[in-house]
Each structure stands twice: as structure tokens, then as C-alpha cells.
1. Would you be so kind as to identify which of Met146, Asn161, Ile182 lies farthest towards the positive end of the dipole of the range 77-227, taking Lys and Arg as +1 and Asp and Glu as -1 on Cβ and the Cα centre as origin?
2. Which far-off residues, 5 or more places away or on another chain, put their amide H under 5 Å from the one on His65, with H placed in the peptide plane?
3. What list of whole percents do you get for P(r) of the range 118-197, with Cα-Cα distances grouped in 10 Å bins up to the one holding the largest distance?
4. Using the Karplus equation 6.51 cos²θ - 1.76 cosθ + 1.60 (θ = phi - 60°), what ³J(HN,Hα) coupling, rounded to whole Hz, does each residue of the range 166-179 give in order, writing x for Gly and Pro?
5. Let me spell out the model: positive unit charges on the Cβ of Lys and Arg, negative unit charges on the Cβ of Asp and Glu, origin at the Cα centre of the chain. What dipole size does that give, in debye rounded to 20?
6. Which far-off residues, 5 or more places away or on another chain, put their amide H under 5 Å from the one on Val107, with H placed in the peptide plane?
7. Distance between the C-alpha centers of the range 155-227 and the range 8-54? Whole Å please.
8. List the trypsin sites (Lys or Arg not before Pro) within the range 136-200 that fall in a DSSP loop (any state other than H, G, I, E or B) and whose Cβ has at most 16 other Cβ atoms within 10 Å.
Amino acid sequence: MKNLCTICARKGSKGVPNKNIKKIAGKPLIQHTIEQAKDSGIFQDIIVSSDSERIIKIAKSLGVHFLKRSKKLSADNVGKVEVIQNATLYAEKNLKIEFDNVIDLDVTSPLRKISDIKKAYHKFKEMGFDNLVTGCLSRKNPYFNMLEEVNDGIQISKKPNRKVLSRQKSPKVFDMNASIYIWKKQALMKKIDIVHSGTGFYEMPEERSIDIDTKLDWEIVSYLMER
């Protein structure tokens, strides 16, 4: 199996300015993900897609391939799947390799372990899924303590079949943690929904599922990594 790792990182950030190159635990944030990909030993090649010269410079220094992303694909209204598709096609054309699977590692989830990458890939391969996403057990539950507005009032988001007295007794729900996404290359190119009937799931613990989106997230992840 020939596996491609994509790492997508734009310049700038609204929540944490320049977070992808900001140092955390002594290294630029993106370096943690690149090193995890290299150390996992499951990738034929690794490619970083970015519109930032500073990010590309880091990719070069760490010996991985890179793609200078176009302005069109760097816009706020462009979905990540489209960027991953573009990086995959670029890698196949320039590296002259036809990949079987594509695994995207999100830069903002540095708490994942190399074992998470390997175990998620093993489950994907063994079960024959079209794709696989990772997540963790949700703290909030739509059957118990999540509300939505309906006809000028509020109600529990999802009506359970039986009375639920605690979150722990509610049907299990999970948060996607934006850490690891895996596709069969053919499924990736079909542009279907990320989660559909052929999607697998790999559960990660909450303490490795923090996605850095805000300054508070940064402080929490920084504390955990430096500890």
C-alpha cells in the first residue's frame, strides 16, 4: 500500500495569529505534525500544502515535499477536502507515484500520538472503509444537555426514546477532533461527504483531542505538551 500524508497549513490565523509557525514546546507547531508523520513509518511520501513561504521553509528544512497553494485554494470559503484533493493530484504528478490511500494530519492537533496514527490506519485497512475520521466522546449530549430554539422556545436537541436522567446514560455521541482523516484515494476524489455510510471511526481520548482554535486552546495544549 502506498500512502500519502497531506499536511495543510495556511498563513495567518484569526484565533491565534500565525499559530502554524508559532513555537509550542520548543518547536513551530507544524513541526510536531511533520515529525509525527515521519516517525510513524507508514507513508511513502509527505507533502505540505501552504500559501506561506515561512511554512514552506520549515517543510524544506525537515526534508518533506511541499506545494505552494494558490490564492484561490487559500480563501476562507474553500473546504479542506478540496485542498487535500489538490495536494494529492500534485504529489502524484510531480512524484510520479499513484497512491492507494491519503491520510491528512491536522497541524492544530499536536497532542495525538504516533500510535493513534498507526492504530487508526490499521483499523481503516482491516475494515475496508472508504474513509475514516477520528474523534472523542463528547462532553455535551444532544439527548440530555444540548438545547435548540424551536418556535420561540427551547427544547432538547434530540428527543430520546426513553427518559434520560444523566449524560452517562444517554446514547453515546462523539466530537470529531480534526486530528486524523484517512481516505482510499478513489473515495477522496469522488467528493462525497466526509461522514457517510462507508466511514469508519477511531476513538481517541479527550486529552489528545484538543484542536487549537483559540488562545485558550493554545494555553491548554502548551501546558500539556510542556508538562
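Since every read-out is calculated from the coordinates, none of them should be taken as a lab result. Fair warning: this is a prediction, and the values are worked out from it, not measured in the lab. We place every Cβ from the backbone using ideal geometry, glycine too, and count neighbours over all the protein chains shown.
1. Asn161
2. Amide H to amide H, under 5 Å and 5 or more residues apart or across chains, His65 pairs with Ile46, Val48.
3. Calculated over all Cα pairs of the range 118-197, the distribution is 16, 33, 27, 21, 4 percent.
4. Running phi through 6.51 cos²θ - 1.76 cosθ + 1.60 with θ = phi - 60° gives 7, 4, 5, 8, 6, x, 5, 10, 10, 9, 5, 9, 6, 9 Hz.
5. In total the dipole reaches around 160 debye.
6. Cys8
7. About 21 Å separates the Cα centre of the range 155-227 from the one of the range 8-54.
8. Sparse-neighbourhood loop trypsin sites (Lys or Arg not before Pro): Arg139, Lys140, Lys158, Arg162, Lys163, Lys172, Lys190, Lys191.
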